[in-house]
Structure formats: C-alpha cells, structure tokens
Amino acid sequence: MVRMSDIARELAVSTVTVSKALAGKDGVSNSLRRRIEQKAAEMGYIYNNLPRNLLLGRMFNVGIIISSKYLGESPFYWTFYRELLHILKRTSYLGILEVVESRDEAGCMVPDLLKANKVDGLVILGQFSDDYLSMIVARTRRCVFLDFYSDMGTCDCVASNNFLGSYNLTKLLIEAGHQRIRFIGSPSATTSILDRYMGFCKAMVEAGLPYEEAVEDRDHTGAYINFSLWPEHTSAYVCNNDQLAGIVITKLQRLNLQVPRDISIVGFDNESDVVTAGVGVTSLEVNIAAMCKEAVDLLLENIETGDYRVRGKVFVDGRVVVKESIAAPRFMP
C-alpha cells in the first residue's frame, strides 16, 4: 500500500508537505501541489477527499461542454475530449462530459452540470452562439473556451493559431505555382474559420494575387450545405478542415478530376487518413495536447485562486504536415 511518506521520498519533500498538498491546506505552492497530486495519482495513492471537499466547498469535478453538431464523422473533438481526461487524470479533478443538443443551445437551456452544481468549472469545447455563452458565463466565471475565442472578456480562451496556419498553407500553394486559389468555408460560422480565411487573404495579398469571397460550406446551424466548385476557374482549394476536403475530393472525382493531378488542395486538422477518400491531404495539425494543457492549467488556477484575473486569448501554433495533395498547376496562367 502506497503511503504519504513514499510520495514524499519520490519528490524529495517532507511527509507534512505531501499531507498539506493532498488536504488542500496552505503552505504549499500551486505548482508543487500539482506535482504532488500527479505523483500520488501515478503511484496509485488513494486519498479520501470528502473532508477536503466539505472544507473547500468543491466537487473536484470539471465539466466539459460540447455541441452535438461537432460529434459527427470526424474524431477531431473526441481527440480533444480524451486529451482533457488524460490531463485531468494527473490532477485531483475528474472530467464530466455533457453534450448539448442544438435545440437546447437555441433555447439557452442551462446545462445539467450547472443546474445540479456538479462541477467547479467548465471547459467549453467548440464554439457556441453568443447568447448561449452569455447564459453560461452569467452562471459561472470559472470556465475556459477551448478551440475558439470570444470578445466577451469574461473567460480565458485557448485556440489554435488558425490565421498563421492558413497563411502558411496558402503560401505552399502559391510557391507551387498556383494563382487561381479559392477558400472554402463559411467565415461567419466560427472564429476559427474566419481566422483561416483571413490568413488565406493575407497570403494572396502579399503575393499580389486576386482572391474572391469564400465559398460558403454551411448554414446558420453549422450543418454542411451543397456548394459549387467552378474547377474550370480554379487550380487549388484551401479547405477550412479535412472533413470538408474529403467532400471536395468526392465532388472533384464525380467531375473526373483527380487530386493533385488536376487540382491541388490543402486542409486543416490532419485527419486525411479517415475523412478524405484515401487521398493524403497537406494539412495543419492542431497541437491538441498543448491546447488542452493550457486550458486545464488556466481553469484550475481560476478555481483555486480567489483573486484570479482572466488572461484573455491564448493562441497555440500548429504544424504543417505535407502530404500528396499539392502539385504544380497543369495549365500555367
């Protein structure tokens, strides 16, 4: 059986320090407390949190709220969820998922996790409507927006650096010789898509190339809609994610056009192995681990610090993963 003294020996601290840390008492820095809690979890130490919970008025649970519209064929947000649980497992907090249906978001229904007072704070995973977010933050300021940001100014936001990622992807197409490039994605749908479109625009402007408005790919609910490609006027597409890239590839194949022989394409999220009909798509891989770690650290500091001040927006760089979807245009302008 693992004892406090075993944990203390591993970290070269006193048993009293370990006891204070696990009991939530003063006299231990937040960083050392986290190290002790992590080591205790690694060693399988079992600690009765009930007296601590009653003393501090905490549940030691973190709610993870996500819209059902994001849980389709793509595993992208499930990967975020698993990583959040993995990080929380190294702390004294548990993660509890609640999936919000579209009708509940539209009606601004309070999540069950908040109504039942089951959690100490929330991670809002994926963008919701402003009205829904306003309802959330009116009930708790202990929340972090993950994979999007808002100008409400009342919560921390952790997002990928979508602007820079799209800028770099578009430059790859330009460097390959493409001049007739179109962006596919609805900029008004999410902050992520808007930033990706603006990064595309910046690369085109810097290269002295004309560009058109984005091709809308979804309606006001976030559901995909049918759209046209006009391949006779385009040699490459910047898609706002790899799931959309898969839709574009299928549309092109129906027109007897192949990627990258006839059309080049880039995407986001590095999911081409599962959503792009077997075509390896050059894509921006989001640093999910770093984003989740940042979000958890900010939220737990918010929960545990009485005079916590919101940090604002935190952007995490991803990396471009080059695959087979880019080639020189067949017909140079």
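The values are calculated or read from the model by the stated rules, or taken from the named source; none is laboratory data. What you see is a predicted model, and the numbers here were worked out from it, not measured in a lab. Using ideal geometry, Cβ is built from the backbone for each residue, glycine included, and neighbour counts are taken over all protein chains shown.
Below are the figures for this structure:
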{"read-out": "Lone qualifier among Asp131, Asp151 - being out of contact with any helix residue (DSSP H, G or I) (no Cβ under 8 Å at 6 or more places or on another chain), among the charged types (D, E, K, R) and part of a helix (DSSP H, G or I)", "value": "Asp131"}
{"read-out": "Residue selected from region 63-84 under the condition at pLDDT 95 or above and of a type in the set (A, V, I, L, M, F, W, C), by the criterion nearest to Gly126 (Cα to Cα)", "value": "Ile66"}
{"read-out": "Where a residue in region 155-179 is touching a residue at least 12 places away in the same chain (Cβ under 8 Å) and its partner, wherever it lies, is basic (Lys, Arg) and crowded, with 23+ Cβ neighbours inside 10 Å, with Cβ under 8 Å and at least six apart", "value": "Asn162/Arg196; Phe163/Arg196; Gly165/Arg196; Ser166/Arg196"}
{"read-out": "Which listed residue is part of a helix (DSSP H, G or I), within 16 Å of Gly267 (Cα to Cα) and either among the β-branched types (Val, Ile, Thr) or at pLDDT 95 or above (or both), from Tyr237, Tyr197", "value": "Tyr197"}
{"read-out": "Contacts under 9 angstrom Cβ, first residue in region 315-329 being surrounded by 15 or more Cβ atoms within 10 Å (Cβ to Cβ), partner among the hydroxyl-bearing types (Ser, Thr, Tyr) and part of a loop (DSSP other than H, G, I, E, B), 6 or more apart", "value": "Phe315/Tyr149; Ser325/Thr276; Pro329/Ser235"}
{"read-out": "Qualifying positions in region 210-221 - crowded, with 16+ Cβ neighbours inside 10 Å and under 19 Å from Gln243 (Cβ atoms)", "value": "Ala214, Val215, Asp217, Arg218"}
{"read-out": "Residues satisfying the stated conditions in region 90-126, i.e. touching a Lys or Arg at 6+ places or on another chain (Cβ under 9 Å), among the hydrophobic types (A, V, I, L, M, F, W, C), without any contact (Cβ under 8 Å) to a residue 60 or more places away in the chain and closer than 17 Å to Arg142 by Cβ", "value": "Ile96, Val110, Leu114"}
{"read-out": "Boolean, Ser166 is at pLDDT below 95, of a type in the set (S, T, N, Q) and within 18 Å of the chain's Cα centre (by Cα)", "value": "no"}
{"read-out": "When residues of region 74-109 are limited to those that are assigned to a helix (DSSP H, G or I) and hydrophobic (A, V, I, L, M, F, W, C), the one nearest to Tyr224 (Cα to Cα)", "value": "Phe76"}
{"read-out": "Among the residues listed as Gly246, Gly280, Gly267, the single one being in contact with a helix residue (DSSP H, G or I) (Cβ under 7 Å, 6 or more places away or on another chain), over 26 Å from Ile87 (Cα atoms), touching a residue at least 24 places away in the same chain (Cβ under 8 Å) and part of a strand (DSSP E or B)", "value": "Gly267"}
{"read-out": "Residues located in region 169-185, provided they are on the phi > 0 side of the Ramachandran plot and either part of a helix (DSSP H, G or I) or within 20 Å of the chain's Cα centre (by Cα) (or both)", "value": "Gly185"}
{"read-out": "Qualifying residue in region 325-332 (condition: in the same structural domain as Asp120 (by TED's automatic domain parsing), farther than 26 Å from Asp195 by Cα and either of a type in the set (Asp, Glu) or at pLDDT below 95 (or both))", "value": "no"}
{"read-out": "Conditions (1) polar (S, T, N, Q); (2) surrounded by fewer than 18 Cβ atoms within 10 Å (Cβ to Cβ); (3) in contact (Cβ under 8 Å) with a residue 60 or more places away in the chain; number of the one not met by Ser188", "value": "(3)"}
{"read-out": "Within region 203-234, considering residues that are under 29 Å from the mean Cα position of the chain (by Cα) and of a type in the set (A, V, I, L, M), the one modelled with the lowest pLDDT", "value": "Ala223"}
{"read-out": "Selection from region 110-128 of residues that are in a loop (DSSP other than H, G, I, E, B) and more than 15 Å from Ile66 (Cβ to Cβ)", "value": "Val110, Ala116, Asn117, Lys118, Asp120"}
{"read-out": "Any hit, region 307-323, residues being farther than 30 Å from Val123 by Cα, at pLDDT 95 or above, touching a Pro at 6+ places or on another chain (Cβ under 8 Å) and not charged (D, E, K, R)", "value": "no"}
{"read-out": "Ile136 vs. criteria in a helix (DSSP H, G or I), out of contact with any Ser or Thr (no Cβ under 6 Å at 6 or more places or on another chain) and in the same structural domain as Tyr77 (by TED's automatic domain parsing)", "value": "yes"}
